[in-house]
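Asks: Dumping the structure here so I can ask a few things about it.
Nothing in this text is a laboratory measurement; each read-out follows from the coordinates by a stated rule. Predicted, not measured: the structure shown is a model, and the values here were computed from it. Neighbour counts run over all protein chains shown; Cβ positions are idealised from the backbone, glycine included.
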Amino acid sequence: MSPDEVFDDGVAARAVIAVDGTLTEWSEGARRLLGHTAAEVVGRPAAALLADGTDPPPVPDDSRWSGTLTLRHRDGHPVSLWVIAHRRPPDAAETTDWLAVSPPEAAGQGLPDNPLVRIALTQSPCATMIFDERLRLRGVNEAMADLLGLPAGRVLGLKPTDIGSRPQNSELEENLRRVLSTGRRQDMQTYMKATGENRAAHAWLARMAPLTDGTGRVRGVCVTAHDFSDQYRSRERLQLVNEASVRIGTTLDVTRTAQELADVCVPALADFVSVDLLEAQEPGGETPGPASPPVHLRRAAHQSVNRGSPEAVVKPGQVDVYPENSPQAASLIAGRTVVASGTSGDLEQWLAWDPARFQRVHEYGIHSTMSVPLQARGTTLGVAVFTRFRRPEAFNDDDMLLAEEVTARAAVCIDNARRYSRERETTLTLQRSLLPRTLPHTAALEAASRYLPATRSGVGGDWFDVIPLSGMRVAMVVGDVVGHGIQASATMGRLRTAVRTLADIDLAADELLTHLDDLVVRLSQESGGDDRTGEMGATCLYAVYDPVSRRCSLARAGHPLPLLVPPDGPARQLDLPSGPPLGVGGLPFESAEVELREGSVLAFYTDGLLASRERDVDASGRMLREALSASSDSLDETCDRVLHSLLPPGGSSDDVALLLARTRGLPSAQVATWDIPADPALVAPIRKQVVDQLERWGLTEATFTAELVVSELVTNAIRYGAPPIRLRLIHDEATLICEVSDTSHTAPHLRRAKTWDEGGRGLLLVAQLTQRWGSRHTAEGKTIWSELALLGDEV
């Protein structure tokens with residue numbers, strides 16, 4: 001309200017006194033009463049108006065004072081006035097003036113005879129007051145006077161803002177004007193402590209009704225005050241329960257759920273709330289059964305009306321020990337709510353044991369606590385402690401019922417989160433144990449990978465692998481099992497093992513996917529039962545790169561297309577034949593072959609990388625190509641850049657697997673090839689050529705072993721194979737590979753020769769002398785190969 005509105009009439013005497021005691025405003029009513037004009041008194045000390053021998057009124061502790069003062073009239077005679085003074089709301093300069101008001105001299109004369117006032121006052125069942133058209137108080141009953149804390153006959157003629165400077169007074173005056181202008185009833189709700197009451201603040205409902213004369217003209221407003229604290233508290237409780245159902249349990253995170261419980265209850269129910277959970281006996285295990293003292297609790301969350309929760313003794317994540325006489329332990333042991341009060345001495349024994357809490361209790365004036373056990377599905381999870389120090393009232397039975405209802409709801413959410421976290425941790429542990437911890441170092445390529453589990457939907461079945469093959473070739477695989485959880489992780493592990501087994505027999509990419517598809521169909525049938533709940537599916541991309549020919553063969557089963565980043569160009573998508581997802585069964589897979597320059601980067605990924613943000617797949621694909629095309633010598637840096645560009649800060653809603661491989665080419669100088677006629681007499685010259693080639697390569701330490709292996713493999717090919725026969729030697733820094741190929745599809749197998757057998761000892765000798773050996777089928781026949789370790793590592 002503006003100052004002009006405060007001094008809008010000359011009936012009541014009003015004056016404004018600054019904090020230094022100087023008069024700053026003087027109304028027309030004050031001039032009529034004391035004879036002084038505004039020009040004569042404004043700017044002078046207000047104490048100068050007191051009659052001789054009159055002591056100035058004391059400065060009250062609260063914001064209002066009322067009493068009788070003897071003032072001096074302008075002509076010199078004393079005037080005895082009843083005055084009410086209260087602080088006005090601070091202005092922009094944050095100074096607080098005093099508004100002093102004296103009711104009109106004849107305010108109490110003849111007003112009770114007004115029939116309108118008399119009827120309203122006698123018939124009103126509650127605290128009532130009557131205002132006229134100028135918002136002056138024309139009548140007040142004793143019930144209302146008791147609430148105002150002022151004599152009924154002393155406030156007549158005053159406006160609401162004359163009686164007090166609370167925000168409710170200004171709000172009441174605005175509502176009164178609205179009733180006068182519209183002629184419609186108005187309700188006003190507020191939460192406050194009436195001046196004349198000794199109890200704490202509570203809820204009030206002020207009902208304002210227009211008073212009309214015989215012509216229907218609004219002549220005043222009747223205001224009745226109703227204490228509706230019970231209804232207000234019931235509504236607050238219902239609102240808190242409803243808010244708890246919405247705000248608690250928004251995620252499957254134990255700490256977040258505990259924090260939501262604390263946030264909901266402060267300040268609606270308590271000034272400080274802590275949530276402490278029992279420690280599991282084993283990491284990832286169940287929480288212990290019935291608690292026994294002393295109780296070890298880990299602080300999951302807390303919240304306070306004070307910023308930073310300075311009253312908390314324990315920080316989130318810390319474990320504290322609670323003795324038997326503490327409310328927390330007593331609540332957990334008894335399995336029920338325990339209310340303790342500092343004023344009744346319930347906390348003294350516990351606080352004497354814990355000096356830190358004793359200091360906080362007295363520092364912040366904590367007077368009441370309520371410990372409610374968190375119980376769900378027959379399991380005790382922990383305890384929620386509600387504390388009051390700013391609110392003066394202690395916890396009552398209604399508060400206890402409300403706290404138990406809210407914590408019961410929260411306990412179920414915490415238990416769900418705990419079970420989910422335990423299952424997620426188990427699944428994630430299984431997932432990581434089934435994924436390669438490190439990628440193998442090969443001469444064919446350099447590889448880097450990343451795996452990120454889903455943040456919300458649970459761990460899925462994404463996987464990747466790099467598998468060294470014979471002839472220095474390398475297989476790369478990326479797959480994604482449909483679904484989430486431990487079943488998806490277990491299926492992923494079985495598929496990864498199957499891929500490694502199939503890759504070990506050197507199947508072509510399309511043929512490997514065909515066998516893998518059959519396996520998924522069988523797994524789905526075995527686990528599905530009659531209701532087919534075990535149906536499963538997966539996608540997969542399999543590629544084999546040969547560093548000698550520098551060609552890569554790829555096939556996919558419903559998997560996203562890989563990207564190729566040439567050494568001197570932007571990333572582009574490889575065009576591969578589409579194949580059905582694994583588990584469909586009966587449909588063929590096709591492979592494609594591409595030639596790769598040395599230094600090319602292949603990018604394999606799962607669909608979670610492109611579907612992790614709220615954008616279309618085309619936009620995500622464009623961002624992925626841009627991230628891959630940015631120059632970087634480190635594949636690890638490229639992986640991090642890709643994930644940072646495409647994934648949201650909070651993590652992906654689906655699992656993400658990313659595999660990058662930079663190809664290397666094997667120089668032709670490290671490969672030697674001989675076409676061998678099918679004549680056993682030529683084995684000795686071939687051995688001599690092999691020895692000469694090893695000397696040129698500087699591998700004389702492997703000459704003896706290589707000579708024996710080549711002699712055995714070439715002899716077997718001449719004796720049991722079919723021409724043409726070819727011998728190839730390949731070497732890098734650590735390995736020497738001997739390969740003998742022929743057009744026969746019959747593969748040898750290792751066996752232990754008996755004493756009288758003429759043959760069967762050659763392959764056994766090869767197996768003993770080499771690091772690895774094996775055979776692979778080709779389109780023309782087969783190849784028998786063996787690997788010899790160099791640099792002193794040979795077997």
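Asks: What angle, in degrees between 0 and 90 and rounded to the nearest 10, separates the Cα long axis of helix 683-697 from the longest principal axis of the Cα atoms of the chain?
Replies: Helix 683-697 and the main axis of the chain meet at about 40 degrees.
Asks: Also, quick follow-up: Please check the chain for the longest run free of chymotrypsin sites (Phe, Trp or Tyr not before Pro) that are loop-located per DSSP (anything but H, G, I, E, B) and have at most 16 other Cβ atoms within 10 Å. Don't jump to the answer; show the numbers that get you there.
Replies: Numbers: sites that count: 228, 756.
Longest site-free region, per DSSP loop and neighbour criteria: 229-755.
Asks: Can I ask one more? Which of 505, 718 has the fewest other C-beta atoms within 10 Å, and how do the rest follow up to the most? Before the final figure, lay out the partial values.
Replies: Values: 505 14, 718 22.
Going from least to most buried by this count: 505, 718.
Asks: Hey, what angle do you get for helix 229-247 against the long axis of the chain, alpha-carbon based, 0 to 90 degrees rounded to 10?
Replies: Between the helix axis and the principal axis of the chain, the angle is about 10 degrees.
Asks: Now a separate question. For the chain, find the longest principal axis of its Cα atoms and tell me its angle to the long axis of helix 703-720, 0 to 90°, nearest 10.
Replies: 70
Asks: Now for a different question. Can you work out ³J(HN,Hα) from phi for every residue in the range 578-587, in order, using Karplus 6.51 cos²θ - 1.76 cosθ + 1.60 and θ = phi - 60°, giving whole Hz and x for Gly and Pro?
Replies: Taking θ as phi minus 60°, the curve returns 7, x, x, x, 5, x, 6, x, x, 10 Hz for the range 578-587.
Asks: Starting from the Cα of residue 789, step 7 Å along the direction of its Cβ; do the same at residue 170; then give the gap between the two resulting points in nm.
Replies: Spacing of the two 7 Å Cα→Cβ label points: 8.7 nm.
Asks: Sticking with the crude label model, points 7 Å out along Cα→Cβ, report the distance from residue 19 to residue 500 in nm, one decimal please.
Replies: Calculated label separation equals 7.8 nm.
Asks: Report the relative contact order of the range 233-424, percent, no decimals, based on alpha-carbon pairs under 8 angstrom and at least 6 residues apart. Show your work: numbers first, answer last.
Replies: Numbers: 358 pairs, mean separation 50.5, N = 192.
Relative contact order, the range 233-424: 26 percent.
Asks: Farthest toward the dipole's positive end in the chain, which of 677, 356, 591, given Cβ charges of +1 (Lys, Arg) and -1 (Asp, Glu) about the Cα centre?
Replies: Value computed over the given set: 356.
Asks: Follow-up. Using modelled amide H (1.01 Å from N, peptide plane; none on Pro or chain starts), what sits under 5 Å from the amide H of residue 211, excluding residues fewer than 5 places away?
Replies: Answer set, sorted by chain and number: 219, 220, 221, 222.
Asks: Mind checking the full-extension length gain between residue 77 and residue 592? Use 0.36 nm per residue of separation minus the Cα-Cα distance, one decimal, nm. Don't skip to the end; give the middle numbers.
Replies: Numbers: separation 515, 0.36 × 515 = 185.40 nm, distance 11.64 nm.
173.8 nm is the gain from fully extending residue 77 to residue 592.
Asks: Counting only residues 5 or more places away or on other chains, whose amide H sits under 5 Å from the amide H of residue 27 once H atoms are built in the peptide plane?
Replies: Answer set, sorted by chain and number: 14.
Asks: Also, quick follow-up: Kindly provide the trypsin sites (Lys or Arg not before Pro) of the range 364-443 that DSSP labels as loop, not H, G, I, E or B, and whose Cβ sees at most 10 other Cβ atoms within 10 Å. Before the final figure, lay out each step's value.
Replies: On the way: sites: 377, 388, 390, 409, 418, 419, 422, 424, 432, 437; in loops: 377, 390, 437.
Answer by residue number: 377, 437.
Asks: Once fully extended, how much extra length lies between residue 722 and residue 63, figured as 0.36 nm per residue of separation less the alpha-carbon to alpha-carbon distance? Intermediate values should be presented prior to the final figure.
Replies: Values: separation 659, 0.36 × 659 = 237.24 nm, distance 11.27 nm.
Contour length minus the Cα-Cα distance gives 226.0 nm.
Asks: Hey, got the dipole for the range 233-424? About the Cα centre, +1 on K and R Cβ, -1 on D and E Cβ, debye to the nearest 20?
Replies: So the dipole magnitude of the range 233-424 works out to roughly 460 debye.
Asks: Let me ask something additional. For the pair residue 245 and residue 634, what calculated FRET efficiency results from E = 1/(1 + (r/R0)^6), where r is the Cβ-Cβ distance and R0 = 41 Å, to the nearest 0.05? Mind dumping the intermediate values first?
Replies: Numbers: r = 50 Å, r/R0 = 1.22.
According to the calculation, E is roughly 0.25.
Asks: Okay, moving on. Which whole-Hz ³J(HN,Hα) couplings does the range 325-335 yield from phi under the Karplus relation 6.51 cos²θ - 1.76 cosθ + 1.60, θ = phi - 60°, glycine and proline marked x?
Replies: Couplings: 7, 7, x, 5, 5, 4, 5, 5, 5, 7, x Hz.
Asks: Nearest 0.05, what FRET efficiency do residue 356 and residue 268 give at R0 = 22 Å with Cβ-Cβ as r? Before the final figure, lay out each step's value.
Replies: Numbers: r = 28 Å, r/R0 = 1.26.
The value I calculate is 0.20.
Asks: Sequence neighbours fewer than 8 away in the same chain don't count; with that in mind, list the aspartates and glutamates whose C-alpha is under 16 Å from residue 159.
Replies: Straight-line reach from residue 159, under 16 Å: 4, 5, 8, 9, 28, 105, 132, 133, 171, 173, 174.
Asks: Oh, and also: Jot down the radius of gyration and Dmax of the range 669-789, Cα atoms only, both in angstrom.
Replies: When restricted to Cα atoms, the range 669-789 yields Rg and Dmax of 13.7, 44 Å.
Asks: Would you calculate the separation in nanometres between label points at residue 699 and residue 673, each defined as 7 Å from the Cα along the Cα-to-beta-carbon direction?
Replies: 1.7
Asks: Under 8 Å for C-alpha pairs, at least 6 residues apart: give me the relative contact order for the chain, rounded to a whole percent. Working shown, then result.
Replies: Working: 1590 pairs, mean separation 49.3, N = 795.
It comes to 6 percent, rounded to a whole number.
Asks: Report the longest stretch of the chain that contains none of the GluC sites (Glu not before Pro) sitting in a DSSP loop with at most 10 other Cβ atoms within 10 Å. Before the final figure, lay out the partial values.
Replies: Working: sites that count: 94, 614, 733, 758.
The longest uninterrupted stretch comes out as 95-613.
Asks: Still on this model: Between residue 746 and residue 419, take the C-beta separation as r, use R0 = 56 Å, and let me know the FRET efficiency to the nearest 0.05.
Replies: Details: r = 57 Å, r/R0 = 1.02.
Given R0 = 56 Å and the Cβ-Cβ separation, E is 0.50.
Asks: Using the Karplus curve 6.51 cos²θ - 1.76 cosθ + 1.60 with θ = phi - 60°, work out ³J(HN,Hα) for each residue of the range 623-634 in order, rounded to whole Hz, and write x for Gly and Pro.
Replies: 5, 5, 5, 5, 5, 6, 6, 4, 5, 6, 7, 9
Asks: Which length gain, in nm to one decimal place, applies between residue 212 and residue 134 when the Cα-Cα distance is subtracted from 0.36 nm times their residue separation? Don't skip to the answer; put the middle values down first.
Replies: Details: separation 78, 0.36 × 78 = 28.08 nm, distance 1.45 nm.
This chain segment gains 26.6 nm when fully extended.
Asks: Quick check for you: which residues of the range 202-221 have the amide N under 16 Å from the point 7 Å beyond the Cα of residue 398 toward its beta carbon?
Replies: 202-205
Asks: Positive end of the dipole of the range 390-479, charges at C-beta (+1 Lys, Arg; -1 Asp, Glu), about the Cα centre: which of 408, 475, 435 has its Cα farthest in that direction?
Replies: 475
Asks: Which Cα, out of 668, 65, 621, lies furthest along the positive dipole direction of the chain (beta carbon charges, K/R +1, D/E -1)?
Replies: In the chain, that residue is 65.
Asks: Treating each Cα of the chain as an identical point scatterer and ignoring solvent, apply the Debye formula and state log10 I(q)/I(0) at q = 0.08, 0.10, 0.11 Å⁻¹.
Replies: For the chain at q = 0.08, 0.10, 0.11 Å⁻¹, log10 I(q)/I(0) is -0.88, -1.08, -1.17.
Asks: Now for a different question. Of 784, 17, 414, how do they rank once you tally other Cβ atoms within 10 Å and put the fewest first? Numbers along the way, then the final one.
Replies: Details: 784 24, 17 19, 414 29.
Fewest-to-most Cβ neighbours within 10 Å comes out as 17, 784, 414.
Asks: Would you mind checking which residues have amide H under 5 Å from residue 157's amide H? H placed 1.01 Å from N; only 5 or more apart, or other chain.
Replies: For residue 157, whose amide H was placed from the backbone, the distant partners under 5 Å are 137, 138.
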